[in-house]
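As structure tokens, the structure follows; a few thoughts come after it.
The numbers here are math on the coordinates, done by the rules we state, and not lab data. A quick note: this is a predicted structure, and the numbers were derived from the prediction, not measured. A quick note on method: Cβ atoms are made from the backbone with ideal geometry, for glycine too, and the neighbour counts reach across all protein chains shown.
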Amino acid sequence: MKVSITKAAKMVGVQRSTFYRHVKEKGISLEDTDTKRPKVDVSELVRVYGDQLKTIEQIEQKKQHSKNDNETLSNTYLEEKIEFETLKERVKYLENLHDTEKRRLEEQIELLKDMLESEKQERQKATALLTDQRSEKEKEANRLENLEKVVENLTKPKEKSWWPFGSGKTG
């Protein structure tokens with residue numbers, strides 16, 4: 001059986017240019033060298049390449065298998081691209097949700113700070129009020145105590161002294 005240079009190169013798994021180089025280096029004989037399409041006898045390929053040689057059917061099967069793999073890869077690629085785009089959209093949604101939640105929490109923090117400051121001011125006012133009331137009560141209590149002492153001193157009988165110029169106490 002005779003095959004073209006292109007098929008022979010495919011059967012041995014090399015490029016056409018490499019096969020032409022092998023023709024010169026390994027002494028592969030060609031037939032119909034006078035034409036534009038020389039042929040190679042398959043027995044020559046077996047002699048030079050041995051186990052590396054593949055049949056045309058194996059090459060066709062490999063080509064078909066490769067085509068199926070490419071279709072599978074293409075389908076897998078599309079599925080992965082769709083999944084990637086879906087995940088990108090989901091990440092975008094989650095980022096927006098996160099930003100919204102963050103803004104809401106920051107607003108709540110500001111509100112709570114304002115409320116805390118307001119409560120602090122109210123507590124200071126209440127403390128000041130209570131402090132002023134206590135001091136007024138203390139002042140009133142001190143005044144009453146002083147008045148009681150004055151009244152007591154006024155109502156107490158004076159001791160008579162044998163000394164005509166005062167109470168007789170020195171000092």
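Things to note:
- Take the conditions (1) surrounded by fewer than 16 Cβ atoms within 10 Å (Cβ to Cβ); (2) part of a loop (DSSP other than H, G, I, E, B); I28 misses just one of them, which is (1).
- Residues satisfying the stated conditions in region 33-53, i.e. under 14 Å from M1 (Cβ atoms), not in a helix (DSSP H, G or I) and not hydrophobic (A, V, I, L, M, F, W, C): K39, D41
- All of H98, H65, H22 fail the test of being in contact with a Phe, Trp or Tyr (Cβ under 9 Å, 6 or more places away or on another chain) and part of a helix (DSSP H, G or I), apart from H22.
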